[in-house]
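The values are calculated or read from the model by the stated rules, or taken from the named source; none is laboratory data. Every value quoted in this text rests on a predicted model; they were computed, and no experiment measured them. Glycine also receives a Cβ, built like all others from the backbone with ideal geometry; neighbour counts cover every protein chain displayed. Each accessible area value is taken on the protein alone, full model and side chains, heavy atoms only, with ligands, DNA and RNA left out. Shrake-Rupley method; radii C 1.70, N 1.55, O 1.52, S 1.80 Å.
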Amino acid sequence: MTTQDVEMIEQGAAAPSNSVSSTGGPSVLHHLKEIASLIESGAYAREVRRIARAVRLTMALRKKLKASVLSAFLNYALVPRSEMHSRLSSYLPTEDEHDMEVDTATSASQAPAKHPLPELEIYCYLLVLIFLIDQKKYNEAKACSSASIARLKTVNRRTVDVLASRLYFYYSLCYELTGDLAEIRGILLGLHRIATLRHDELGQETLLNLLLRNYLHYNLYDQAEKLRSKAPHFEAHSNQQFCRYLFYHGKIRTIQLEYTDAKESLLQAARKAPLAALGFRVQCNKWAIIVRLLLGEIPERTVFMQKGMEKALRPYFELTNAVRVGDLELFRKVADKFSSTFSSDGTNNLIVRLRHNVIRTGLRNISISYSRISLADVAKKLRLDSPNPVADAESIVSKAIRDGAIDATLDHANGWMVSKETGDIYSTNEPQIAFNSRIAFCLNMHNEAVRALRFPPNSHKGKESAEKRRERQQQEQELAKHIAEEDDDDF
């Protein structure tokens, strides 16, 4: 493959070929062969960017893959009747001959490699595994993914890291779809150790996220936090992996009652996630809404009106409305109405925690509305459904006073709650604290934006004039000519 061909593929142009599909354009098999050529050039030049581009081009062809096309590609990329060729071909179902795409021109001009590169072998595993998952052949996919992981353990090349990270993801997905995720936890830990020893940073990030997902799938939050805290520092080489890490970190912090850290991680994950990842952004927003409610905040209406999320966030909108008004009965109805949705989202336990916030909000509204009110009326307005509502109301009021949620006193003799007069909030430190938190948020966002910028080399130096630039170029040419003459003499 020539350098010109590589440049044409990297620019997205189709290489000249007589291979066409029934629609008149290049066939899927032809595109796969171009991708294989791109992988080979990247492996020889040791350029990881070409391998990453090959993976992106493959994802664009994912819906067009067929068993006949993959079988023809395996014949092209691997040695026919070899051990790997036979193994991968056994996973593919047989199809009729009329489904085969004809690509005689390319197959005649390019013979299969007698000693295929490890990158190309791993790529063949990835193609077959993606096809099996899309066809919902999960048992065959599990066998193929296990074989690919065994092959990966024997390869230590940085050009394989991008392909390996994809295989790790689909390996875990196969076992998750079949409900056997716990079986591969030890294998994932071993792979993470291997990736750390090999300085495979992308593999470390991918495997760390897969392990966190594995633990959280079985509600093992303590083990997940121990792993996260002891694992190497997350460098965020992949934006997708960094978003997943922030989401898992936010979930762990939420369960551990660290709501402030959880809110920051979840909002950052939702903000950094790609627009195409709608399902992921919906999950981030669901957890962020619950965390903000637990912190005593009320999310803005615009959060629930984001494009494509209105239907998915509707249960959480009604839940937020019940918390905002402090109506315990309405909160109970919403929780019962959408219990199946909350269970599937894994937020049922968090919503149970919200009951205390609803009671506190209702009690705060009562203290503002009444200067003095009996505990029996407090229990009636809060709609407490307990055998002894007055005693429960007294306990709730005393705890709210102790925590500083309301500014009132309890008259135990008469059974009253006496609210104190509302003071001037600007005479306290609350406005200063709120203003300081906003300033800190803006400064943090500015610092992240500056770190994300990319500057050309020597951009801090002043621009040179045209005359100086001509002089410098002339000097460089003379120096190069002098060096070339010296080299000729040495030869």
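Tabulated data for the structure shown
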item	result
Selection from the range 352-375 of residues that are open to solvent by less than 60 Å² (accessible area, probe 1.4 Å), part of a helix (DSSP H, G or I) and either basic (Lys, Arg) or touching a Gly at 6+ places or on another chain (Cβ under 9 Å) (or both)	357, 358, 359, 361, 362, 363, 366, 375
Enumeration of residues in the range 292-312 that are in contact (Cβ under 8 Å) with a residue 40 or more places away in the chain and part of a loop (DSSP other than H, G, I, E, B)	296
The one condition in (1) under 13 Å from residue 148 (Cβ atoms); (2) open to solvent by 40 Å² or more (accessible area, probe 1.4 Å) that residue 201 fails to fulfil	(1)
Test: residue 169 is at pLDDT 90 or above, assigned to a helix (DSSP H, G or I) and closer than 28 Å to residue 151 by Cβ	yes
Residue 104 being more than 25 Å from residue 42 (Cα to Cα), open to solvent by 50 Å² or more (accessible area, probe 1.4 Å), at pLDDT below 85 and under 37 Å from the mean Cα position of the chain (by Cα)	no
Filtered residue count, the range 115-145, keeping only those that are open to solvent by less than 50 Å² (accessible area, probe 1.4 Å) and either of a type in the set (S, T, N, Q) or at positive phi (or both)	1
Criterion (part of a strand (DSSP E or B) and of a type outside the set (A, V, I, L, M, F, W, C)) met by exactly one of 409, 320, 341	409
Meets criteria (out of contact with any helix residue (DSSP H, G or I) (no Cβ under 7 Å at 6 or more places or on another chain), modelled with pLDDT of 90 or more, open to solvent by 10 Å² or more (accessible area, probe 1.4 Å) and within 22 Å of residue 122 (Cα to Cα)) for residue 193	yes
Odd one out for residue 165, checked against (1) open to solvent by less than 20 Å² (accessible area, probe 1.4 Å); (2) over 17 Å from residue 57 (Cβ atoms); (3) small (Gly, Ala, Ser)	(2)
Residue in the range 413-430 that is at pLDDT 80 or above, within 48 Å of the chain's Cα centre (by Cα) and in a helix (DSSP H, G or I) present	yes
